[in-house]
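Take a look at the structure below.
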Amino acid sequence: MKVIFSISFIFLVLSAGIENGGLLKVGELKWCYEQLSFCPGTNKCDSDCKNKLGRLATGTCNFILLCVCSYRC
């Protein structure tokens, strides 16, 4: 009986939160891009981006050999 009550209570709380846009509100994930200089190599580009923009940034070399960093805005 306690299990059924607990599950019912959790669904009640979650449904109230969803209705108001509160508890389960999902934030947008926006990505920004920044170009660095000439790309000496993928590993160097990735480490340069992490040093400049933080540990969640990633860097790749594009087709014209520029280092392009992507990171969360």
### Query
If you add up the charges near Ser37, with Lys and Arg at +1 and Asp and Glu at -1, over every other residue whose beta carbon is less than 13 angstrom from its beta carbon, what do you get?
0
### Task
Return the FRET efficiency for the residue pair Arg72, Asn43: r is the Cβ-Cβ distance, R0 is 35 Å, and the value is rounded to the nearest 0.05.
0.95
### Query
Near Gly54, within a Cβ-to-Cβ distance under 13 Å, what is the net charge of the other residues, with Lys and Arg +1 and Asp and Glu -1?
+1
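Where a number appears in this text, it was derived from the coordinates with a stated rule and is not lab data. Quantities reported herein were computed from a predicted structural model and do not represent experimental measurements. Here the Cβ is made from the backbone with ideal geometry for all residues, glycine too, and neighbour counts use every protein chain on show.
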